[in-house]
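Written out below as structure tokens is the structure these notes cover.
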Amino acid sequence: MTQPILFAYLDHNVLDLMMKGDPDSICDLLQRTQLTPVFSNENLAEIQRSTGYEKQFLDVLDNIGARHLVPVMDEGFKYTGSAEIRQISPHDAYDMYVDNVDSLPDSGFGLTGILQKFYGGRKDQSFSEILSDGADELRQLFQDLEEELTDVACLDDATRLEVSQAISRLPDLMEEQYNYVSKKLDAEPNSAIRQFEASTGIGPMVLKNIKPPEVVRQIWKLVEVSFQGVEFDLETFFGIKPQPFEADANRERTTLEKVNAVYHQLNFLGYYRDSRMSRPRRFVASFSDMTHAGLASFCHILICRDKDLVMKTAAAYEYLGVGTKIMYYGTSN
């Protein structure tokens, strides 16, 4: 009888330690237990940010025979809930990733900048400035799209003109919305996190006392007191279910998306919140951790060295019934 393949997702901190001599003997563990390691595009993104050490990281993945985990998306670029695990050289996968990845502009069309400011970052910019920059980034993106229409042979002149006019109107519509939102946000004296903590009394000092099991439910019991009289349930609050006004509100979110949503909300609330989130590098690293948690849900095991990541991931997996097991090898915090 053929033995089933068991896939193990490796966090970047584990790969980093393996590159530095593998003191935790992860290679031996993989061989002894016949686990098949996998890596994702998020691993490749972190490798790309590890300037000067790209080859060493890729060599580690190559030497352990790691496979490439790729979530499957539909024609509308939405997750389908399934993934492919491909046998490909990590070096080749990295080259293709670098050739195809589109880096977000500085403000991330306003959305990334807003989140950074929510965590206390971008102190030298107002929400109005961030969203104005985001509108400019959108305008440039739409201008590029408009130029690309000239190469679309299947469009007739009338359709091309109609699409071009629609594209040209979008940045102005977005800027109107941005101006409305930014005025409200700039009127608040503190970051969104500090405002939430002040109004609810919930933050890291309170949530550090929450112990498994049922972490998500325990936290919701604390939070829902602040929403008395408001129609809000646990799954909407944690992003498991979309808000009615969201695009595709009737679409069931995939497990990957649900894990990411719960993880992000736990971090925002202060449950093992990542440190120094106001700093751009730490902000990016935190979102990489969230992405790893979601991607690892396709695998049998997540091997990790980051306690903050482990605790939030374990809470999300438990609530959502994700069967991925977590192996924790000490802390890197």
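Can you tell me which of Ser82, Ser132, Ser40, Ser126 is of a type in the set (S, T, N, Q), touching a strand residue (DSSP E or B) at 6+ places or on another chain (Cβ under 6 Å) and under 29 Å from Met277 (Cα atoms)? First the steps, then the outcome.
Values: Ser82 fails: under 29 Å from Met277 (Cα atoms); Ser132 fails: touching a strand residue (DSSP E or B) at 6+ places or on another chain (Cβ under 6 Å); Ser126 fails: touching a strand residue (DSSP E or B) at 6+ places or on another chain (Cβ under 6 Å).
Selected residue: Ser40, the only one of Ser82, Ser132, Ser40, Ser126 that is of a type in the set (S, T, N, Q), touching a strand residue (DSSP E or B) at 6+ places or on another chain (Cβ under 6 Å) and under 29 Å from Met277 (Cα atoms).
Determine the pairs where a residue that is among the hydroxyl-bearing types (Ser, Thr, Tyr), located within the stretch 21-38, has a partner that is surrounded by fewer than 17 Cβ atoms within 10 Å (Cβ to Cβ) and not in a helix (DSSP H, G or I) with Cβ atoms under 8 Å apart, the partner being 6 or more residues away or on another chain.
Thr33/Leu6; Thr36/Ile5; Thr36/Leu6; Thr36/Gly65
Name, by its number, the condition in (1) at pLDDT below 95; (2) at positive phi that does not hold for Asp106.
(2)
Limited to the stretch 274-304, what total is found for residues that are assigned to a loop (DSSP other than H, G, I, E, B) and modelled with pLDDT of 95 or more? Show your work before the answer.
At the first step, the residues of the stretch 274-304 found to be assigned to a loop (DSSP other than H, G, I, E, B) are 274-279, 297-300.
Going one step further and asking which of them are modelled with pLDDT of 95 or more, we end up with 297-300.
The total comes to 4.
Take the residues of the stretch 221-244 that are under 14 Å from Leu266 (Cβ atoms) and over 22 Å from the mean Cα position of the chain (by Cα): which is surrounded by the fewest Cβ atoms within 10 Å (Cβ to Cβ)?
So the residue we want is Leu222.
Quick check: is even one residue across the stretch 54-65 in contact with a Cys (Cβ under 9 Å, 6 or more places away or on another chain), in a helix (DSSP H, G or I) and surrounded by fewer than 20 Cβ atoms within 10 Å (Cβ to Cβ)?
yes
Scan the stretch 235-261 for residues that are hydroxyl-bearing (Ser, Thr, Tyr), over 21 Å from Leu222 (Cα atoms) and not in a loop (DSSP other than H, G, I, E, B) and jot them down.
Across the stretch 235-261, the qualifying residue is only Thr255.
Which residues, counting only those in the stretch 272-295, are over 12 Å from the mean Cα position of the chain (by Cα) and closer than 21 Å to Met327 by Cβ? Break it down into steps so the answer makes sense when it comes.
Applying the first criterion (over 12 Å from the mean Cα position of the chain (by Cα)) to the stretch 272-295 yields 272-282.
Within the stretch 272-295, Tyr272, Asp274 qualify.
If only one of Arg281, Arg273, Arg305 is closer than 30 Å to Val38 by Cα, surrounded by fewer than 18 Cβ atoms within 10 Å (Cβ to Cβ) and outside the structural domain of Tyr79 (by TED's automatic domain parsing), which one is it? It would help to see each step written out before you state the result.
Numbers: Arg273 fails: surrounded by fewer than 18 Cβ atoms within 10 Å (Cβ to Cβ); Arg305 fails: surrounded by fewer than 18 Cβ atoms within 10 Å (Cβ to Cβ).
Arg281 is the lone residue from the list that is closer than 30 Å to Val38 by Cα, surrounded by fewer than 18 Cβ atoms within 10 Å (Cβ to Cβ) and outside the structural domain of Tyr79 (by TED's automatic domain parsing).
The values are calculated or read from the model by the stated rules, or taken from the named source; none is laboratory data. This is a predicted model, so every value here is computed, not measured. Using ideal geometry, Cβ is built from the backbone for each residue, glycine included, and neighbour counts are taken over all protein chains shown.
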